[in-house]
Amino acid sequence: MSEPTRQHVASTPIAAPTTEEGPRVETTAGPVRGLWRRIVSAPDRQGPAPLFTRSAAFYGIPYAEVPFGERRFMAPVRRAGWTQERTALTPSATPQRGSIFDDPAIPEPSVPGEDFLTVNVFTPTPGDEGARLPVLVWIHGGGWSSGSHNSPWYDGAAFNRDGVVTVSVAYRLGYDGYGWVPGSDAPYNRAVLDQVMALEWVRDNIARFGGDPEQVTVAGQSAGGGNSMVLLAVPRAKGLFHRIISQSGALPERSASTTQEMSRTLAQVLGVELSLEGIRSATYDEVFEASRKVTAPDGAGLAGLADPVEALRGVLSQSGSDIPFLPTVDGEVIALDEVEALRSGWGAKVPVLAGSTMHDFAFAGLGMAEAMKGKDLREVLVAGGLSEEIAERVIAAHPEHADAPHMVVGDLISDATFHKVVAEWFLARQEAAAGEGTTSAGSYAYEFAYCAGPLHMATHCMDIPFTFDCLADPYCEHTLGGGAPQELADAMHGVWVRFIRTGEPGWESWTERNVGRLFGDNRSGEMTLHEDRVLFDTDRDIVLARR
């Protein structure tokens, strides 16, 4: 396990605590005391004038009871009330016990403790129920087995400046969040139920923090982006949110039979019986460590897999994840497969902004250089599952990799994992609207193409400090290198604020023209801020060809 990231304090480069007394808010469960911070915008920021100059932070407000003891592996239980004031001045416990990544792209602190089903709330208007500001609820990523809602990158100060209340959510991870516990009342998808209960907390409490419960946007990146879309297939979540933003969201649902197989394997690794009593005999940390030794039977460890054909087959068939515990289509919590739910019209009236970075997982190709030596690229692509026509289109789209065919494979793996998913979601929404003869809410595509960092690519997670407008955070240099352009943060963050407020980002919905917005441009070498492009057209055709 990598060492936990150092816990950040309430002071971040975009929010400096003041000396004034922090605000007190009466939640439905009891009073909480936060702290005021002064919002610090970048000196070269070119966005609109600030609506607010202060941000109140409330860390670790519990929305559910502690999920240990008799409650471990059970559905979340709404938190009982308290009478004494709770201080909410510093980041609290996290489900994460260390990142699954050796070199995390995001600073995500691990904080010890069991009372971790909490939310962080950032607001410019605490206690003002008449403010009715739009709300952003952020679900962190981390492969469904790590990640932290306490990341300084998820500080909502910049959104507060622009009139958006922000909430970041902690939820159970790995087996504790998604595993199967036979012969018990433990449901599948406990982590999904955690997220739903957090949204219920937002519905019942956010007005007390100046937010509007009728203007809630659920957003997330990577696993969090996938989780956001999964909520459309959760009956209990209906009406709790009104817009979705999915940044590099994957299509994560897994069958119950595979989740059961993964759970049996985990019990074997732990040396315990697969039962409620048996699994509870293992500590939380022991389960976390054992999960790292379990790999899904249908998975493809994309970054290290030597066989490019098998890697392509895995991602094109949507079975290419080696992550053992994911959201499970159980027919109860998650009623339908995500695409089936969208095609059936679920969430048709919910606007969706979705996209990815240009090279999310393209680094997978680096591990395939040796395997691709002497191989015909077109033959590899066809053997991996593409038609000859689309294989030729993929090759033609990457003249920059003429001497590096393994990177074409890497780009396709990335596209199939993230771009194709967006195309599949949006096609399903179009088909639902056509079948009903109605107009659905907009489906808006984007791509982040600003290349930086050691690989000079636009890789996974690089878009987050732009959307949260937090380029001043020191960890940005680790992920982005120096000189990240503030004008790109102004552009992306401004679009996100507009969508959260209005449900449309300022360009056409993704239709037969497949038009979306490109942020940055690696092909020209210029940092284009706003450019309408045909996005995900090849990915759309891959989806149609594989039906």
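Nothing in this text is a laboratory measurement; each read-out follows from the coordinates by a stated rule. Nothing here was measured: the structure is a model prediction, and the numbers come from that model. Here the Cβ positions follow ideal geometry from the backbone for every residue, glycine too, while neighbour counts run over all protein chains shown.
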Measuring from centroid to centroid over Cα atoms, what is the spacing of region 380-412 and region 473-496 in Å? 31 Å
Ratio of Rg to Rh over the chain (Cα coordinates, Kirkwood Rh, two decimals): 0.95
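Quick check on region 346-473: take the gyration tensor over C-alpha atoms, sort the square-rooted eigenvalues as a ≥ b ≥ c, and tell me if it's rounded (a/c under 1.5), prolate or oblate. Provide the component values of the computation, followed by the final result.
On the way: a/c = 3.24, a/b = 1.33, b/c = 2.44.
Note, shape of region 346-473 comes out oblate.
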Evaluate the charge dipole of region 338-534 about its Cα centre and quote only its size in Debye, nearest 20, assuming +1 on the Cβ of each Lys and Arg and -1 on the Cβ of each Asp and Glu. 340 debye
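Please give the calculated 222 nm ellipticity per residue for the chain, where each DSSP H segment of at least 4 residues contributes -39500 (n - 2.57) and the sum is spread over every residue; nearest 500 deg cm²/dmol?
Working: 18 runs with 160 residues, N = 547.
After summing the helix terms and dividing by residue count, I get -8000 deg cm²/dmol.
What is the chain's relative contact order, in percent, from Cα pairs under 8 angstrom and six or more apart in sequence?
It rounds to 13 percent for the chain.
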With label points set 7 Å from each Cα along the Cα-to-Cβ direction at Asp102 and Lys373, the distance between them in nm comes to 2.1 nm
At a Förster radius of 60 Å, what calculated FRET efficiency corresponds to the Cβ-Cβ distance of Gln268 and Ala49, to the nearest 0.05? 0.50
Which FRET efficiency value, to the nearest 0.05, is calculated for Ala16 and Ala256 with the Förster distance at 45 angstrom and r the Cβ-Cβ distance? 0.40
Could you work out how much longer the chain between Val534 and Glu277 gets when fully extended? Use 0.36 nm per residue separation minus the Cα distance between them, nm to one decimal. 87.1 nm
Quick check: Cα centre of region 81-113 to Cα centre of region 115-135, how many Å? 18 Å
Below 8 Å between Cα atoms, with a sequence gap of 6+, how large is the relative contact order for region 160-243 in percent? 24 percent
Could you size up the charge dipole of the chain around its Cα centre, putting +1 on the beta carbon of Lys and Arg and -1 on that of Asp and Glu, and report it in debye to the nearest 20? 1240 debye
Separation in nanometres of the label points that stand 7 Å from Cα toward Cβ, at Trp507 and Arg78: 4.2 nm
Under the rule a/c < 1.5 gives rounded, and otherwise a/b versus b/c splits prolate from oblate, where does region 327-366 land using the Cα gyration tensor? oblate
Residue by residue through region 57-65, the couplings from Karplus 6.51 cos²θ - 1.76 cosθ + 1.60 with θ = phi - 60°, in Hz, x for Gly and Pro, are 10, 10, 9, x, 6, x, 10, 9, 5
Dipole check, region 338-534, charges on Cβ (K,R +1; D,E -1), about Cα centroid: among Gly365, Val394, Phe468 the Cα furthest to the positive pole belongs to Phe468
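Taking every DSSP beta bridge with both residues inside the chain, roughly what % is antiparallel (nearest 5)?
Details: 26 of 61 bridges.
Roughly 45 percent of the beta bridges in the chain run antiparallel, per DSSP.
Counting pairs of alpha carbon atoms under 8 Å apart in space and at least six apart in sequence, what relative contact order in percent does region 285-435 give?
On the way: 177 pairs, mean separation 48.5, N = 151.
So the answer I get is 32 percent.
How far, in nm, would the chain grow between Thr295 and Lys349 when pulled straight, counting 0.36 nm per residue and subtracting the alpha carbon separation?
Details: separation 54, 0.36 × 54 = 19.44 nm, distance 3.73 nm.
Computed gain between Thr295 and Lys349 is 15.7 nm.
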Which one of Ser291, Gly113, Gln247 is farthest out on the positive end of the charge dipole of the chain, using unit charges on Cβ (Lys, Arg +1; Asp, Glu -1) and the Cα centre as origin? Gly113
